[in-house]
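Okay, so here's the structure we're looking at.
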Amino acid sequence: MAELPTNPTKLHPTEFYEGLDLFNRGFYFECHDVWEEIWGDAKGKNKIFYQALIMSAVSLYHFGNENLEGALSCFHKAAVQFRQLPERFLGLDVAAFVEQMRVFFDGMSVGETELTWELIAKPRPTIVMEES
């Protein structure tokens with residue numbers, strides 16, 4: 001079970017920040033593994049929040065493996081989860097992050113988008129937390 005960090009200003013278990021670092025460095029599979037531990041113990045909107053972040057990581061993992069169908073499917077699932085949350089939740093500007101993801105995948109569709117080197121090299125979304 002994930003424990004709360006000793007620093008009371010942190011809104012998440014320590015493992016969340018480990019996953020955040022992995023996400024922002026592009027290690028989406030590893031990030032997914034770390035966050036899944038937290039998600040399993042979460043309740044209510046917190047559970048939805050972690051699940052949406054996990055699905056976002058998985059979408060980018062699939063994209064990196066040139067699996068556009070899997071990437072878009074996971075992105076759409078994450079967007080549905082994020083819509084259940086306020087615009088700002090647990091230190092994340094949810095609306096801004098969802099917009100980053102939308103812009104990243106904008107114009108891509110299964111069967112019509114060729115994954116060119118330019119698309120594959122496109123900068124990935126990052127997560128910036130608003131907590132101190």
Starting from the stretch 23-132, pick out the GluC sites (Glu not before Pro) whose DSSP state is loop and whose Cβ has at most 12 other Cβ atoms within 10 Å.
E66, E87, E112, E114, E130, E131
Please report how far the C-alpha centroid of the stretch 77-106 lies from that of the stretch 22-60, rounded to the nearest whole angstrom.
13 Å
In degrees, nearest 10, the alpha-carbon axis of helix 94-105 is tilted away from the dominant principal axis of the alpha carbons of the chain by 20 degrees
Within the under-14-Å Cβ sphere about M108, not counting M108, Lys/Arg +1 and Asp/Glu -1 give a net charge of -3
Given V103, I127, G44, which one lies farthest toward the positive end of the charge dipole of the chain, if we put +1 on the Cβ of every Lys and Arg and -1 on the Cβ of every Asp and Glu?
G44
Which lysines, on any chain, are close to K47 with Cα under 27 Å apart, when same-chain ones fewer than 8 places away are left out?
K10, K77
Please determine, in degrees from 0 to 90 and to the nearest 10, the orientation of helix 14-24 with respect to the longest principal axis defined by the Cα atoms of the chain, where the helix direction is its Cα long axis.
20 degrees
Relative contact order of the chain (C-alpha contacts under 8 Å, at least 6 apart) in percent is 23 percent
A student applying the Cα gyration tensor rule (rounded when a/c is under 1.5; otherwise prolate if a/b is larger than b/c, oblate if not) would label the chain prolate
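Laboratory data are not the source of any read-out in this text; all were calculated from the coordinates shown. Not measured: the values here are computed from a predicted model. Cβ sites come from the backbone with ideal geometry, for glycine too, and all protein chains shown count toward neighbours.
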